[in-house]
Every structure is written in C-alpha cells, then in structure tokens.
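The values are calculated or read from the model by the stated rules, or taken from the named source; none is laboratory data. None of the values given here were measured: they were computed from a predicted structure. Every residue, glycine as well, gets a Cβ built from its backbone with ideal geometry; the counts of neighbours run over all protein chains shown. Please note that ligands, DNA and RNA were not included when accessible areas were found on the heavy atoms of the full protein model with its side chains. Shrake-Rupley method; radii C 1.70, N 1.55, O 1.52, S 1.80 Å.
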There are 2 protein chains.
Amino acid sequence: MPTGVRIDATPEQLDAIRYDLDGLVTAIAQDVHTKDVLMLAWMNAESLRMTFAEGRMVYWSRSRQELWRKGDTSGDRQFVREAYYDCDADALLFLIEQEGAGACHTGERSCFHNRFGS
Amino acid sequence: MPTGVRIDATPEQLDAIRYDLDGLVTAIAQDVHTKDVLMLAWMNAESLRMTFAEGRMVYWSRSRQELWRKGDTSGDRQFVREAYYDCDADALLFLIEQEGAGACHTGERSCFHNRFGS
C-alpha cells in the first residue's frame, strides 16, 4: 500500500508562497512514474499545510468551497513524493503516486485527456 | 531550427473553454522530450488563438496586462507539439519544444526549480 512523504517545508518557503486575492494558489499534480500531468487544482494555506503534514494531496475545492482530501470519496488518493514552487511562487508542482484508476472523475487517468485538433 | 505545429481546434473545442472572470485560463507548458513541467502561465482567448495559429506559445501577462509572445525578448521560444484541455475545460496543457536555455527568466530550464524541504 503506497504511503506519502511528509515534506518539511521551511518557514521561509511557506512565507514565500504568494496566494491570490481568494487566498489560493494553483497546484499541478504530475505522475512521479510516467511524468504525465494528471490534474490542475487549487490549494489554500491550510490545504497546503495538510498536504505536507499528511503526504497526501489536499486541495481547496472552489466549486464546493471546502477542503478536498483527494480520494476520500473516490478512493483514488494521491501520495506526495516531491514538491516544488515556481519562480514567482504562485504555482506549485507535486510529483505524486496516483492510487486507483486515476486522477479524473471521468475514469480517465489524467484530467487532460481532451486533445485539441480535428 | 525548430518549428511549431499549428493546431486546428474545432469550434466546439474553442467554445468549451471556460475562462475565469478576468477572461483567463491557466496554461501548463511541458517539455515534449523530458516531460518536465517547465512553467505555468495564463492565456486569454486571443493568446490561445495566436498559439494555435502560430504554433508558438503566446501567453497573457497578468503583471504587464499584455500579450506575451514567449521568447520574443529572451529568444527562448516555445514551439507547440500537442495541446490538451482538462475535464473542467478551465486548464490547458501544452507539450512543447523549448528553445534556448529554458523557460525561466532566472536561467533555469524549469520555473519549478525551488524544491520544498529543508
């Protein structure tokens, strides 16, 4: 059974993150094995703290306006392996172990399964 | 010299994209060769249209409030290979050929070069 890695972010790193006016920052989840981008969602400071503490991806659901512990309902949890922030400190990137069928509620492994083009 | 692929998005695909209240959508640029995530930025409808027409990544700069034809200043252009949108149609993913030193203005190849942890 997969488990996540707890991340000991430093206070300086946590302070560096620039949340938007809604207190949110974008978070990309990338498969640590295939390097496929699985999904993009949002985190607030509390969900980021929980993600680091639990080693599991916890988002902020903008549609439901609540913490979203990914996989609590679907069973398809995401276990953290590595975490990065970008040069502007307003976007996060997580390398994760995807449990179950995939990241997408449609049953697809990646949410980015719609390809542009005719 | 690398060139981009023009994407013939269908009207249905273009209509599906859900822009936020500022008329923007997140766009992830992923290296088509290494599959590293290079950057996350934003597009409006015009920059997306230009990206598809030119086969080059064109973003909307939120800080400068203007179209940002990536690489026009730095020389580090990004050439489009494949383009996807996610299940909510509010995030875009581009597989790109990165020209020059990298995507980041710091000189790093990826903007996500800051790793959380002590």
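Suppose a student asked you for the relative contact order of chain B, using Cα pairs under 8 Å spaced at least 6 residues apart; what percent would you report?
Numbers: 234 pairs, mean separation 33.6, N = 118.
Rounded, it is 28 percent for chain B.
Can you pull the accessible area of B:R49 for me, 1.4 Å probe, Å² to the nearest 10?
140 Å²
Note the distances from A:T73 to each other copy's matching label point, with points 7 Å along the Cα-to-beta-carbon direction, in nm, sorted shortest first.
Result for A:T73, in nm, nearest copy first: 4.3.
Post the alpha-carbon centroid distance, the stretch B:58-118 to the stretch A:42-71, in whole angstrom.
One Cα centre to the other: 25 Å.
Mind checking the angle between helix A:45-54 and chain A's longest principal axis? C-alpha axes, 0 to 90 degrees, to the nearest 10.
70 degrees
Beyond 21 Å, how much of the Cα-Cα pair distribution for chain B remains, as a whole percent? Before the final figure, lay out the partial values.
Values: 2315 of 6903 pairs.
Every Cα pair in chain B considered, those over 21 Å come to 34 percent.
Counting other Cβ atoms within 10 Å, keep those with at most 13, restrict to DSSP loop, and tell me which chymotrypsin sites (Phe, Trp or Tyr not before Pro) in the stretch B:1-88 are left. Intermediate values should be presented prior to the final figure.
Values: sites: B:Y19, B:W42, B:F52, B:Y59, B:W60, B:W68, B:F79, B:Y84, B:Y85; in loops: B:Y19.
Sites meeting the loop and neighbour criteria: none at all.
Put a point 7 Å out from Cα along the line to Cβ at B:V5; what are the distances to that point in the other copies, in nm, shortest first?
Counterpart label points of B:V5 in the remaining copies fall at 3.2 nm.
Considering the rotational relationship between chains B and A, which residue of chain B contributes the beta-carbon of minimal distance to the axis, and what is that distance to the nearest Å?
In residue-and-Å form, the answer is B:K35, 2.
At a 1.4 Å probe, what is the % contribution of carbon and sulfur to the accessible area of the stretch B:43-88? Present the calculation step by step, with values, prior to reporting the outcome.
Numbers: 880 of 2050 Å².
That share works out to 43 percent.
Treating only the Cβ of Lys, Arg, Asp and Glu as charged (+1, +1, -1, -1), what charge dipole size does the stretch B:1-48 show about its Cα centre? Round to the nearest 20 debye. Let's see the in-between values first.
Values: 3 positive and 8 negative charges, 32 e Å.
Around 160 debye, computed over the stretch B:1-48.
What 222 nm value per residue comes from the helices of chain B, counting each DSSP H run with n ≥ 4 as -39,500 (n - 2.57) and dividing by all residues, nearest 500 deg cm²/dmol?
Working: 2 runs with 16 residues, N = 118.
When only DSSP H runs of four or more count, the value is -3500 deg cm²/dmol.
If we hang a label 7 Å off Cα along the beta carbon direction at B:V32, how far is it from the matching labels on the other copies, in nm, shortest first?
In nanometres, ordered from closest: 3.0.
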